[in-house]
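Here's the structure, in structure tokens; my notes come after.
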Amino acid sequence: MGLENFLGDGFISTRIKDLLAWGRKNSLWPMPFGTACCAIEMMSTLSSRYDMSRFGAEVVRFSPRQSDMLIVGGRVTLKMMPVLQRIWLQMPEPKWAISMGACASCGGVFDTYTMIQGVDQFIPIDVYVPGCPPRPENLIDAVRLLQDKVAGKDVQRLMDERTGQPNLARLEAMEARRAELRARLVGPAPALAGQEARA
Amino acid sequence: MSETRGTSLPVLDPAAVRKERRARAQEAEARRHERERALAEAVTGWFAPGEASRAELRHQQTVTVPVGRAHETLRRCRDELGFDLLTDVTVVDTLKLEGDHPERFWVVWQLLSLAQNATIWVRAWVNEDEPACPSVRDLWPAAGYAEREAYDMFGVEFTGHGDLRRLLMPEDYAGFPLRKDYPLRGRGERDNFPVIRRANEEAL
């Protein structure tokens, strides 16, 4: 921007939107909604061995009014879904949600009359964590991904949300970008044995 | 006491000890089966011949009684035979069960006598159209929750319970999910919630 030229050292300029996003992404306050074994992994992620505070998300609040990241971990039943929806509505904007594990994401193995087959049918979810239960590393990965989203980065979506098909344009763009980086850093890709004749 | 010095404990053969213990346990178990059979026969003896029946399967004693006299029978079991603990009250749906059954449901009470270390089952058939059965909450307070659960899952009314609400399922749930004609995936209850969307989906 050039403002630094006038203000001198000790100042940086940014956009207020980016500044807010930077603050938010490094200070996510989780609201744990743990109903099953995923909650045990969540506790492990938050405690000293995996230590989610390294990523600024250690202030677990059991009040939805004081948190901005909902982590749904575990089975959600017919009787629990209204509670979850109420908790989601009680959280102040801006807010994000992680669906942790197979049960929260799709019902898992519990395909019965009382199990919700994926909480994303009824509340918006930003990041899904696969696993049964996921390891703490998976949850940390999800939080990092969410931080990218909070920061306004274009999170790579390989599947098209509307059609459910692979997003070919994005895949091609990724391939092109990878080839470009590779060409710049390590030179052209070596031709494979079968491709030499064609080249 | 000074004589014990230098003496050693008798050397036991572990295999022989195990064998003896096993034999003693088997004897105790056989005595328990005898007690349970005698108790079940005592219950059957309160009824006219043909009114109640006793069945034995793998040493489990089950007495079938008419539903109208179930409460009286259970009270006498508690007061006269010393069954001080009601372990469970539940219902069996015979809709898809093989064999010939007089009614669709039976209610079963599992009784335990702590002093005698004996367990018997008392059961009563209840009909399909208006499944109802006397409550035993006045005899054992523990029946309160068990009867609520049985009502929740099978829809059997326990008359005289006083607080017969659903225990596990939501209050407004329609149907009784453990009946064998209830579909495993329910009747669409799990898909019937309002969908909450983000107000500012694009802004995020």
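Worth pointing out:
- Considering only beta bridges that DSSP places wholly inside chain B, some 75 percent are antiparallel.
- The mean of 1/r over all distinct Cα pairs in the range A:58-103, once inverted, gives the Kirkwood hydrodynamic radius of 11.2 Å.
- Summing +1 for each Lys or Arg and -1 for each Asp or Glu among the other residues whose beta-carbon sits under 15 angstrom from that of A:Ala102 gives -1.
- GNM top mover of B:Phe105, B:Phe83, B:Phe193 - chain B, alpha-carbon springs below 10 Å: B:Phe193
- The alpha-carbon of A:Lys79 sits under 30 angstrom from the alpha-carbons of these lysines, leaving out residues fewer than 8 places away in its chain: A:Lys95, B:Lys96, B:Lys180.
- Excluding same-chain neighbours fewer than eight residues apart, the aspartates and glutamates reachable from A:Lys25 by a Cα-Cα span under 15 Å are A:Glu58, A:Asp68, A:Glu93, A:Asp126, A:Asp141, A:Asp148, A:Asp154.
- Most mobile listed residue (A:Ala179, A:Ala97, A:Ala151) in chain A, GNM with C-alpha springs under 10 Å: A:Ala179
- Averaged over peptide A:124-134, the number of partner chain Cβ atoms lying within 10 Å of each residue's Cβ comes to 1.
- Inter-chain Cβ neighbour average for residues A:112-119, partner chain, 10 Å: 5
- Across peptide A:90-96, the average count of Cβ atoms from other chains found within 10 Å of a residue's Cβ is 2.
- Label separation (A:Ser13 vs A:Gln66): 3.9 nm, computed from points 7 Å beyond Cα along the C-beta direction.
- For the protein assembly as shown, the solvent-accessible area works out to 61 Å² per residue, with a probe of 1.4 Å and every protein chain left in place.
- A straight line joining the Cα centroids of the range A:105-142 and the range B:79-158 runs 38 Å.
- Taking the longest Cα principal axis of chain A as reference, the axis of helix A:81-90 is set at about 60 degrees.
- Along its principal axes, chain B has C-alpha extents of 91, 66, 35 angstrom, given from the largest down.
- For chain B, built as a Gaussian network whose Cα springs stay under 10 Å, the top-fluctuating residue of B:Gln61, B:Gln26, B:Gln110: B:Gln26
The values are calculated or read from the model by the stated rules, or taken from the named source; none is laboratory data. The shown structure was predicted, so the numbers you read here are calculated from the model rather than taken from an experiment. All Cβ positions, even for glycine, are placed from backbone atoms using ideal geometry, and neighbour counts span all protein chains on display. We work out accessible area using only protein heavy atoms, side chains counted, and drop any ligands, DNA or RNA first. Shrake-Rupley method; radii C 1.70, N 1.55, O 1.52, S 1.80 Å.
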